[in-house]
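J.: One structure coming up, written as structure tokens, with questions to follow.
The values are calculated or read from the model by the stated rules, or taken from the named source; none is laboratory data. Not measured: the values here are computed from a predicted model. Note: ideal-geometry Cβ built from the backbone for every residue, glycine included; neighbour counts use all protein chains shown. Accessible surface is based on the protein model in full, side chains and every heavy atom, while ligands, DNA and RNA are left aside. Shrake-Rupley method; radii C 1.70, N 1.55, O 1.52, S 1.80 Å.
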Amino acid sequence: MSTSESETTGPDLTLGVATDSLADGGMLAGHVGADAVLLARRGSEFFAVGAHCTHYNGPLAEGLMVGDTVRCPWHHACFSLRTGEALHAPALSPIACWSTEVRDGKVFVRDKAAPTAHRRIAIAPRSPRRIVIVGGGAAGFAAAEMMRRQGFEGDITMLSDDEASPVDRPNLSKDYLAGSAPEEWVPLRDDGFYAEQHIDLQLKTTVSAIDAGAREVVLGDGRKVAYDRLLLATGAEPVRLPLPGMDLPHVHMLRTLRDCRAIIAQAGTARRAVVMGASFIGLEVAASLRARGIEVHVVAPDKRPMERVLGPELGDFVRGLHEEHGVVFHLQETATAIDARQVTLKGGGTLEADLVVAGVGVRPRLALAEKAGLAVDRGVTVDEFLQTSVPGIFAAGDIARWPDSHSGSAIRVEHWVVAERQGQTAALNMLDAQQKFDAVPFFWSQHYDVPINYVGHAEAWDDVAIEGDIAKRDCVLRYRRNGRVLAVASIYRDVDSLQAEVEMERQ
Ligand SMILES: Cc1cc2nc3c(=O)[nH]c(=O)nc-3n(C[C@H](O)[C@H](O)[C@H](O)COP(=O)(O)OP(=O)(O)OC[C@H]3O[C@@H](n4cnc5c(N)ncnc54)[C@H](O)[C@@H]3O)c2cc1C
Ligand code: FES
């Protein structure tokens, strides 16, 4: 993955491309001057847009055209080919558009068009004026951004008990932790954005209660903030193992930018780390610490890493991949105590460690919802419009359990893209749009140079159909139950992953 500046490749599109060289649904990467431009054909229409995704610069020509949209191969952002708008997260900013002209059997790319604001909803004069968002993470940020994008001019107050403005949390276990991404990549937007957009972002501000009758939230310092619509996007917090030594200064968990900075500071002098937990965050941390040259031991009760979500075949592959990079696994093992120099294992052994990171899962932050009497069932229960059991209060992200039309069950997931997309849908619905949340869940995970993409949701399956070769890092795994594909994991098969998403959307 690269977030470097766009490179220009392919033909100069101002000189024209033979129309019959581009099939219906075809895409071609070229350039206009120094700008990388994607030329796409739908029927007799031609579109020219920026060739790189505004999330992490993914090459859109290697993605998938669906109707008059293009989806990014890397993390499934979706852009309108007509307006350039980032229709679906994780990209939030638009791509540029150019006009095209067909003449003498050729299509020419002409002028760069001024960005057009596209409104998906009509905001009624009597729509809510005061929006309060509890949470400055993926869902909360995406909601605020979407409301302003739609032209909402009322008050938006975003309350976050974090000290940092909304950050690109997935980066905290990947490039930023590995030292390959500078800190300026971490904030989702610079501080000026909130002032410009009139979003009242209040950091280090804890919401301690909701008075649903009075339509107010109560802050930790006793202040009250009134709302017409409330979005709960309180996310999740890392599970803290009840072990002696968890309070020691070299023992860390990872959720916030502050947590990540503390690990990076420790990594400056650490020689040997123990990572507790062999799931996504634990193993991404292991990979990032290896990139910093630190010896890494992973301790986990599981038989295989990530087996519960990805199955035994990918679990074995992930283990082998980390071992190739020098990680030592202590599986079917747990830690019982930590002291300043070592971690004691249940099996009786000890591991030296001057840095310990616990990544053993998260717990949704439900206290506010529970205290306010909202319906809660292993997550805040929401309907298809992401509204909780109390009208006017919505929930999105890691806390929300929603009726997923694709799996037919009420599910709660901890995925960045789902949290952002739910924040976007909740935003529209807080403005009375009545849009169902029906996105197919998607997540990605990155280990060294190997990205794993996953669409759908499978908690249990009968079998896994494997296409391609896992060892060669070129594979698609389909998790099936009663003959139906519930989820698809893939490595370097981005178009297959996008096609699986589209098929699931159509089911
Ligand atoms: C290190 C790391 C790496 C990850 N990598 C990936 C990945 O690669 N792919 C993927 O799909 N997912 C990944 N995830 C998961 C993803 O980040 C989460 O699913 C996503 O952030 C959830 O968004 P959210 O808005 O629900 O919660 P969060 O982003 O956690 O935001 C919650 C916000 O609520 C605030 N808050 C909570 N309670 C209160 C309160 N009472 N008062 C005020 N504020 C409050 C918090 O301070 C925070 O600002 C990763 C997570 C971590 C920690
Ligand atoms: S780079 Fe396009 S979605 Fe991430």
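J.: Might you check whether a residue that is over 21 Å from V239 (Cα atoms), of a type in the set (A, V, I, L, M), buried (at least 17 other Cβ atoms within 10 Å of the Cβ) and under 23 Å from the mean Cα position of the chain (by Cα) occurs anywhere in the stretch 366-380?
T.: The first filter runs over the stretch 366-380 and keeps only residues over 21 Å from V239 (Cα atoms), leaving 372-375.
When the remaining residues are screened for being of a type in the set (A, V, I, L, M), the result is 372, 374-375.
Checking the rest, the ones that are also buried (at least 17 other Cβ atoms within 10 Å of the Cβ) come to 372, 374.
This time we only want the ones that are under 23 Å from the mean Cα position of the chain (by Cα), so: none.
Looking for residues that are over 21 Å from V239 (Cα atoms), of a type in the set (A, V, I, L, M), buried (at least 17 other Cβ atoms within 10 Å of the Cβ) and under 23 Å from the mean Cα position of the chain (by Cα), one finds none in the stretch 366-380, hence no.
J.: Quick one: how many residues across the stretch 54-70 are within 22 Å of T425 (Cβ to Cβ) and within 16 Å of ligand 1 (Cβ to nearest atom)?
T.: 1
J.: Are any residues in the stretch 268-290 open to solvent by 10 Å² or more (accessible area, probe 1.4 Å), closer than 17 Å to A340 by Cβ and touching a strand residue (DSSP E or B) at 6+ places or on another chain (Cβ under 7 Å), and if so, which ones?
T.: Result: A270, R271, R272.
J.: Next up: Does G192 qualify as being within 22 Å of A375 (Cα to Cα) and either modelled with pLDDT of 95 or more or in contact with a Phe, Trp or Tyr (Cβ under 7 Å, 6 or more places away or on another chain) (or both)? So that I can check it myself, show each step before the final result.
T.: Values: within 22 Å of A375 (Cα to Cα): no; either modelled with pLDDT of 95 or more or in contact with a Phe, Trp or Tyr (Cβ under 7 Å, 6 or more places away or on another chain) (or both): yes.
Spelling it out, it is not the case that G192 is within 22 Å of A375 (Cα to Cα) and either modelled with pLDDT of 95 or more or in contact with a Phe, Trp or Tyr (Cβ under 7 Å, 6 or more places away or on another chain) (or both).
J.: Can you name the residue in the stretch 79-124 that is within 16 Å of ligand 1 (Cβ to nearest atom) and touching a strand residue (DSSP E or B) at 6+ places or on another chain (Cβ under 6 Å) and, of all such residues, is nearest to T19 (Cα to Cα)?
T.: Initially, the stretch 79-124 is screened for residues within 16 Å of ligand 1 (Cβ to nearest atom), giving 88-92.
The next check asks that each one be touching a strand residue (DSSP E or B) at 6+ places or on another chain (Cβ under 6 Å); those that pass are 88, 92.
Numbers: H88: 29, L92: 31 Å.
Filtering first and then ranking leaves H88.
J.: Checking P441 against (1) within 16 Å of ligand 1 (Cβ to nearest atom); (2) within 22 Å of R363 (Cα to Cα); (3) open to solvent by 30 Å² or more (accessible area, probe 1.4 Å), only one condition comes out false. Which one?
T.: Unmet for P441, out of (1) within 16 Å of ligand 1 (Cβ to nearest atom); (2) within 22 Å of R363 (Cα to Cα); (3) open to solvent by 30 Å² or more (accessible area, probe 1.4 Å): (3).
J.: Can you name the residue in the stretch 59-100 that is without any contact (Cβ under 8 Å) to a residue 24 or more places away in the chain and open to solvent by less than 10 Å² (accessible area, probe 1.4 Å) and is also farthest from ligand 2 (Cβ to nearest atom) among such residues? Talk me through it step by step, then tell me what you get.
T.: Narrowing the stretch 59-100 to residues without any contact (Cβ under 8 Å) to a residue 24 or more places away in the chain: 69, 72, 78, 87.
Keeping just the survivors that are open to solvent by less than 10 Å² (accessible area, probe 1.4 Å) gives 72, 78.
Numbers: C72: 3, C78: 9 Å.
Ranking the qualifying residues of the stretch 59-100, first place goes to C78.
J.: Quick one: in the stretch 121-174, of everything that is within 16 Å of ligand 2 (Cβ to nearest atom) and in a loop (DSSP other than H, G, I, E, B), which residue is most open to solvent (accessible area, probe 1.4 Å)?
T.: Taking the candidates together, the pick is K174.
J.: Can I ask one more? Search the stretch 321-348 for residues being over 16 Å from V251 (Cα atoms) and without any contact (Cβ under 8 Å) to a residue 12 or more places away in the chain, and hand back the single one that is surrounded by the fewest Cβ atoms within 10 Å (Cβ to Cβ). Please lay out each step first, then the result.
T.: Step one: of the stretch 321-348, the residues over 16 Å from V251 (Cα atoms) are 321-333, 346-348.
If we keep only those that are without any contact (Cβ under 8 Å) to a residue 12 or more places away in the chain as well, we get 323-324, 348.
Values: E323: 11, E324: 9, G348: 7.
Ranking the qualifying residues of the stretch 321-348, first place goes to G348.
J.: While we're looking at this one, here's another question. Filter the stretch 389-412 for residues that are in a loop (DSSP other than H, G, I, E, B) and open to solvent by 10 Å² or more (accessible area, probe 1.4 Å); which is nearest to ligand 1 (Cβ to nearest atom)? Even if it seems obvious, please write down each step before you answer.
T.: To start, the set of residues in the stretch 389-412 that are in a loop (DSSP other than H, G, I, E, B) comprises 389-392, 396, 405-408, 412.
Next, only the ones that are open to solvent by 10 Å² or more (accessible area, probe 1.4 Å) stay: 389-391, 405-408, 412.
On the way: S389: 19, V390: 17, P391: 21, S405: 20, H406: 17, S407: 17, G408: 22, R412: 10 Å.
Ranking the qualifying residues of the stretch 389-412, first place goes to R412.
J.: Related question: Give the stretch 352-365 a look and list any residue that's open to solvent by 10 Å² or more (accessible area, probe 1.4 Å) and more than 19 Å from G140 (Cα to Cα), or say none. Before you say what the answer is, go through the steps one by one.
T.: Let us first name the residues in the stretch 352-365 that are open to solvent by 10 Å² or more (accessible area, probe 1.4 Å), namely 352, 354, 359-365.
Correct list: E352, D354, G359, V360, G361.
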